[in-house]
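The structure appears right after this line, and notes come after that.
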Amino acid sequence: MGATAEQHSGRAPGVREGAGPAILFDGARIIVGDGERVIDDCALLVRNGVIEEIGSRDALTPDPTRTTVSLHGRTVMPALVNPHGHIGYWKGSGADAAHYSADNILDHLRRLAYHGVSVFQSLGTDRDDTEIRLRDRQRKGEFDDEDLAVLYTAGAGIVAPTPGSANGGPFFAADAVHETTSPEDARAHVRALAAKNADAVKFWLDDRHGTKARLQPDVYRAIVDEAHAHGLKAAAHIYTVDDAKEAIRAGADILAHLPRTPAPDRELLDLLTELDVAVFTSLSIQRPDGDGWLDDPALAELVPADAIADLRAKIRASAPQPLFDTVEAYRRMESTLRTFVDAGVRMVFSADTGLLTQVPGFAEHRELEALAAAGVPSLTVVQMATQRPAALLGLADRGTLQPGKRADFLVLSADPLRDMTNSRRIESVYLAGRPVDRSAIRARVMSSTEGPVTF
Ligand SMILES: [Zn+2]
């Protein structure tokens, strides 16, 4: 995704001159999303939903027909792309299989758009291909509602059955994931996913602290091999460094989490960098940061007070430990994250949205904060949540604010490079150059929320 000088200035390839009214977004500080560039007092010219020019106002061709939106004093960053969450299960203050429905998925896609997430990939918890069907309808343009994040889905992921107990998949979706102990059956499942044009393949490898059956090596090797035969990336849920190595040696393209134990060794770093494996950050879901974040006014815009109170009670009940795992494990993850960033591992933002503390749309901003708090430089944090996930999903037209890219961006009243929680100070969200109707989303989401449904 190396940017050339030609992309920085000049007209975007493929954009016809005069092919629609132009909008000049004028005067903002622009975070490009490439991990390097910030342009102050910038002119951002958008036509037909695509960025046409970006940079100096004086370099623009005079055009009396264009409209100007003044963004002086604002910061603009690319819309977020979250390649790892679980859609459709959240309602009120938690995730449960009983909440899952197409309507609830659409509710989440609205919440995501509201908070500036343009693309969301659900990773392995699709129930009866509901996500696949919704995604296909969205791709065909069958929804009138334009204020939705774009859905990607890995369909139903694969896990080993645990005799006498629920499997080691997610607690809210153990019955939705595909159980197998057979390489041939696993291949058949992956072929079925490929036939449905799934966007990735997910498998759960680890044994959840010895409480669940592990997926056997011949099975996960078959999964990865079959996924690659169909041009699909394979994402492995792992917990330990040893499992991470196993998954990578089997050919996994993505680790869905940082390994939590023990500290990474040279061998793991070499495997990750030599094979360019993407590692999802997934920090905030287990961040022991108390309940102060529940007081953020941006959360209350789409979550009613009784649901927030319920979340607070759950967090306080497990404090000082987070709702998932331990403080010690979290500190190891932070340390591992820094080691990986320093080693040049392809770290990609992931909010593991949709369960525990991960409120759809808001969890993504908690993840940005967690990454900054772990010591990742702010510009890299933004790049990890924009350019890198877009590239991972093969979205050539998203992820950075450059000519030729879609005009998907957040207008912020404060600068996230100063304080990453400023990513929540959203004044407006633009998707394909069009403002998301956030007040309409707020009215719709809040009117459909009749008190928290707890699990
Ligand atoms: Zn997950």
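Along the three principal axes, how long is segment 190-284 when you take its alpha carbons, biggest first, rounded to the nearest angstrom?
So the extents along the principal axes, rounded to whole Å, are 39, 32, 29.
Straight-line reach from K91: which aspartates and glutamates fall under 18 Å, measuring Cα to Cα and dropping same-chain residues less than 8 apart?
D103, D107, D126, E131, E301, D306, D310, D352, E364, E450
So what are the three principal axis dimensions of segment 118-276 from its Cα atoms, in whole Å, longest to shortest?
Projected onto its principal axes, the Cα set of segment 118-276 covers 50, 39, 27 Å.
Can you tell me which of 119-125, 262-268 comes out highest on packing, and rank the rest after it, using the mean Cβ neighbours within 10 Å? Working shown, then result.
Numbers: 119-125: 28.4, 262-268: 13.4.
Descending mean neighbour count gives 119-125, 262-268.
Once the Cα atoms of helix 183-195 and of the chain are each reduced to a long axis, what angle between those two axes, in degrees from 0 to 90 to the nearest 10, is obtained?
Long axis of 183-195 versus the principal axis of the chain: about 20 degrees.
On C-alpha positions alone, give me the angle between the axis of helix 217-229 and the longest principal axis of the chain, in degrees, nearest 10.
Its long axis makes an angle of about 30 degrees.
Can you give the angle from 0 to 90° between the axis of helix 363-373 and the longest principal axis of the chain, with both taken from C-alpha atoms, to the nearest 10?
90 degrees
Using the scaling law 2.2 N^0.38 Å as the reference, what is the normalised Cα Rg of segment 80-392?
Numbers: Rg = 18.2 Å, N = 313, 2.2 N^0.38 = 19.5 Å.
Relative to the 2.2 N^0.38 Å estimate, segment 80-392 comes out at 0.93.
For segment 358-455, take the convex hull of the Cα atoms, compute a quarter of its surface area, and give me that in nm², please.
Average projection, Cα convex hull of segment 358-455: 8.1 nm².
So which of K196/K233; K140/K196; K196/K245; K140/K233 end up more than 21 Å apart by C-alpha?
Over 21 Å Cα-Cα: K196/K245; K140/K233.
Working only with C-alpha atoms, what are the Rg and Dmax values of segment 81-176, expressed in angstrom?
Here Rg and the maximum Cα pair distance are 13.6, 46 Å.
Quick check on the chain: helices-only [θ] at 222 nm, where DSSP H runs of length 4 and up contribute -39,500 (n - 2.57) each and the sum goes over total residues. Nearest 500, please.
-9000 deg cm²/dmol
Every number here is computed from the coordinates shown, using simple stated rules; none is lab data. None of these values were measured; they are calculated from a predicted model. Backbone-built Cβ (ideal geometry, glycine too); neighbour counts: all protein chains shown.
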